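The values are calculated or read from the model by the stated rules, or taken from the named source; none is laboratory data. Keep in mind the model is a prediction, meaning the values are calculated, not measured. Here the Cβ positions follow ideal geometry from the backbone for every residue, glycine too, while neighbour counts run over all protein chains shown. Accessible surface is based on the protein model in full, side chains and every heavy atom, while ligands, DNA and RNA are left aside. Shrake-Rupley method; radii C 1.70, N 1.55, O 1.52, S 1.80 Å.
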Amino acid sequence: MQAQLAHQMALAPTGDIMIACAGAAVVLGALAFFFGALLSIVRSDLTGGMKLVWVVFALMAPFFGCLLWFLVGRRDAQRRAGIA
């Protein structure tokens with residue numbers, strides 16, 4: 001029993017490091033997603049006013065705004081570029 005408890009206590013710091021690394025990976029992924037969306041918005045063929053609306057929306061609701069850009073806005077911008 002004591003040997004098992006000692007083994008679990010020895011692994012506790014490793015678990016903390018793994019949780020911290022996973023958290024850092026999630027944060028870095030979210031930042032990459034956010035900056036990728038901003039770069040995609042700026043490079044799109046939308047007019048200046050619509051770009052501003054999308055950038056403000058992405059800044060006000062970082063995850064949801066960026067997700068909507070990639071699901072709806074980018075497709076709409078490509079469709080509008082094909083019409084013009």
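What ³J(HN,Hα) values, in whole Hz, does the Karplus curve 6.51 cos²θ - 1.76 cosθ + 1.60 give for segment 13-19 when θ = phi - 60°, with x put for Gly and Pro? So the Karplus estimates, Gly and Pro as x, are x, 5, x, 5, 5, 5, 5 Hz. FRET efficiency for the L59 to M18 pair, using the beta carbon distance and R₀ = 30 Å, is estimated at 0.40.
Between A25 and V72, the FRET efficiency from the beta-carbon distance, with R0 = 35 Å, is close to 0.80.
For segment 27-68, which whole-number percentage of the solvent-accessible area (1.4 Å probe, protein heavy atoms only) is attributable to carbon and sulfur atoms? Its accessible area is 82 percent carbon and sulfur atoms.
Given R₀ = 22 Å, FRET efficiency for A32-R79 by Cβ-Cβ distance, to 0.05? Efficiency, rounded to the nearest 0.05: 0.25.
Note on surface exposure: M60, M18 rank M60, M18 by accessible area, highest first, 1.4 Å probe.
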